[in-house]
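What follows is calculated from the coordinates using simple rules that are stated; it is not laboratory data. Note that the coordinates shown come from a computational prediction; the quantities given were computed from them, not determined experimentally. Cβ coordinates were reconstructed from backbone atoms using ideal geometry, including for glycine residues, and neighbour counts include every protein chain displayed.
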Amino acid sequence: MILEDIGHEALSFVGGVGDLALFGIRVLGSIPATRGLFRRALRAVHEVGIRCLPVVAIVGLFTGIVLGLEGYHTLARLGSESVLGSLVLLSLVRELGPVLAALMIIGQSGSALAAELGIQRNSEQIDALGTMGINALGFLAAPRLIASIFVYPILTLAFNASGIIGGAISGCLVMGLDPGVYRTSAEGALGSGDLAECLVKSAVFGVLTVAICMHQGYTAHLRVGVSGARSVSLSTTRAVVLACVTVLAADALITSAFL
């Protein structure tokens, strides 16, 4: 019985990955024939960016503050407080910035995206688009997928900037580290490879998480045993959980590739 359950879950997982891959291919295939794509993509960039920027900036600020406090105490034991700026900057740029920014965007916009598409599916708005001869994937999904490639890196950079300021607040104002030492340490730490890793991670996270959230909402009507508002609720919850897990898994893979 246990092996049977494990096998069933494994098959369900593989089937889900296959469905997501086919969904992504269909979205990409709809791009060339979609009219007004650029305009809707710009609108999606504006909506997601403006909606998530305050949350991302606030979380980045407090992340930097905590990182500065903990980093200073750890480095003080080794007599290396002068490299606090490097510690904060590299920790944010290489790992914490892309991952935490992605998680915040998922919670703020990814959940809303899954719920919106789920409601449109249940209210037959997506079917109505097909009846009018409009490609629903090109109209609803493609602009958001394109926007994610730009939105996630921009918000990640905003997260990093807020985190660096937070690290300076805790390290210099609270712990008494010289601001010049913090700035000099931070300026000499960042390399082109570090910034490239940050941008690659954020862009990959954007494409994967937006595709997952759209897929869960778009297929809300296929939930077995549930319908209506319940199917939208389950799809939204599943979208957030799967997107968060995917971010952590992709982060491990990309980090291994850059090391």
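Side notes on the structure shown:
- The range 144-153 - residue that is touching a residue at least 60 places away in the same chain (Cβ under 8 Å) and buried (at least 19 other Cβ atoms within 10 Å of the Cβ) and, of those, nearest to Phe23 (Cα to Cα): Leu145
- Identity of the residue in the range 227-246, among the aliphatic types (A, V, I, L, M) and surrounded by fewer than 18 Cβ atoms within 10 Å (Cβ to Cβ), that ends up nearest to Leu100 (Cα to Cα): Val245
- Restricting attention to the range 17-58 and to residues that are surrounded by fewer than 15 Cβ atoms within 10 Å (Cβ to Cβ) and among the small types (Gly, Ala, Ser), the residue that is farthest from Gly130 (Cα to Cα) turns out to be Gly18.
- Only one of the numbered conditions (1) farther than 18 Å from Leu145 by Cα; (2) touching a Leu at 6+ places or on another chain (Cβ under 8 Å); (3) surrounded by fewer than 19 Cβ atoms within 10 Å (Cβ to Cβ) is violated by Glu70, and that is (2).
- Residues in the range 61-106 that are over 30 Å from His215 (Cβ atoms) and charged (D, E, K, R): Glu70, Arg77, Glu81.
- Ile134 satisfies every condition listed in (1) touching a Lys or Arg at 6+ places or on another chain (Cβ under 8 Å); (2) β-branched (Val, Ile, Thr); (3) not in a helix (DSSP H, G or I) except (1).
- Within the set Cys198, Cys172, the sole residue that is buried (at least 17 other Cβ atoms within 10 Å of the Cβ) and without any contact (Cβ under 8 Å) to a residue 24 or more places away in the chain turns out to be Cys172.
- Test for Ser235: is it part of a helix (DSSP H, G or I) and in contact (Cβ under 8 Å) with a residue 24 or more places away in the chain: yes
- Residue within the range 67-78 that is polar (S, T, N, Q) and in contact with a Phe, Trp or Tyr (Cβ under 8 Å, 6 or more places away or on another chain) present: no
- Test set (1) in a helix (DSSP H, G or I); (2) within 16 Å of Val93 (Cα to Cα) - Ala189 fails condition number: (1)
- Failed item, numbered, when Ala141 is tested on (1) surrounded by fewer than 24 Cβ atoms within 10 Å (Cβ to Cβ); (2) of a type outside the set (S, T, N, Q); (3) within 23 Å of the chain's Cα centre (by Cα): (1)
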